[in-house]
Amino acid sequence: MNGNATKEGFTLWMTGLPGSGKSTLAGVLKTKLENEHGMRVEILDGDEVRKGLSRDLGLSREDREEHAWRVSFVSKLLARNGVVSIVALISPYRTSRESAKQVIGPERFLEVYVKASLAVCEMRDPKGLYAKARKGEITNMTGIQDPYEEPTDADIVVETEKGGPDASAALVIQELQRRRKL
Ligand SMILES: Nc1ncnc2c1ncn2[C@@H]1O[C@H](COP(=O)(O)OP(=O)(O)OP(=O)(O)O)[C@@H](O)[C@H]1O
Ligand SMILES: [Mg+2]
């Protein structure tokens, strides 16, 4: 604990291919930020948001952009109330990540590229969606039928093929400390 009650909130916007590790990393980071750094943290996970706030949206480009916009709006409200939000959202389009940055405020927004190759993500296939996409049972799968626009200027790049979730979380924490966010 180091008395972060007075610190402003910020957003860790985690983008990456399905299976790259966004949700896993978000969970580990939340625990660390709460228990070791005294932060208040909320996870905005794409899958969860799609069950509620975005339940009317599909997977078209337009709907993915709307989904990201809604998440950025909630994230902005949290940040201005001192809450750290960890967004775990594929957010495949560069333009929607850029607009999230503008909605939230560039000084409170960190883009985290949760990076793993398509081959590794497909091998992990934690939800079995790549297999379904290859069989044509689902369409609009990011990385298979739909594009993923890699970040070119992410604030933090976490290569999840190079270490487990704890090592990845430690790297993010180190970077946050370096930037005086913690
Ligand atoms: N360094 C790491 N960080 C996070 N996950 C990792 C790491 N190394 C291996 N993994 C594994 O990769 C898988 C990532 O799955 P996860 O559900 O977190 O992906 P996701 O990016 O949230 O996918 P989706 O976009 O489909 O929700 C898990 O099985 C996790 O254990
Ligand atoms: Mg996930």
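The values are calculated or read from the model by the stated rules, or taken from the named source; none is laboratory data. Predicted model only: the values in this text are computed from it and were never measured. Ligands, DNA and RNA are excluded from the accessible area calculation, which covers all protein heavy atoms including side chains. Shrake-Rupley method; radii C 1.70, N 1.55, O 1.52, S 1.80 Å.
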So the pair-distance distribution of the chain, from every Cα-Cα distance in 10 Å bins, comes to percents of 10, 39, 36, 13, 2, 0
Whole-percent carbon and sulfur contribution to the accessible surface of the stretch 33-182 (1.4 Å, no ligands, DNA or RNA) stands at 49 percent
Whole-Å distance linking the alpha carbon centroid of the stretch 31-97 with that of the stretch 130-182 is 15 Å
In Å², rounded to a whole number, the accessible area per residue of the stretch 7-176 with probe 1.4 Å is 47 Å²
Filtered hits (lysines, Cα-Cα < 17 Å from K162, offset >= 8 within chain) -> K22, K115
Partner aspartates and glutamates whose C-alpha sits under 15 Å from that of K132, ignoring same-chain residues fewer than 8 away, are E122, D146
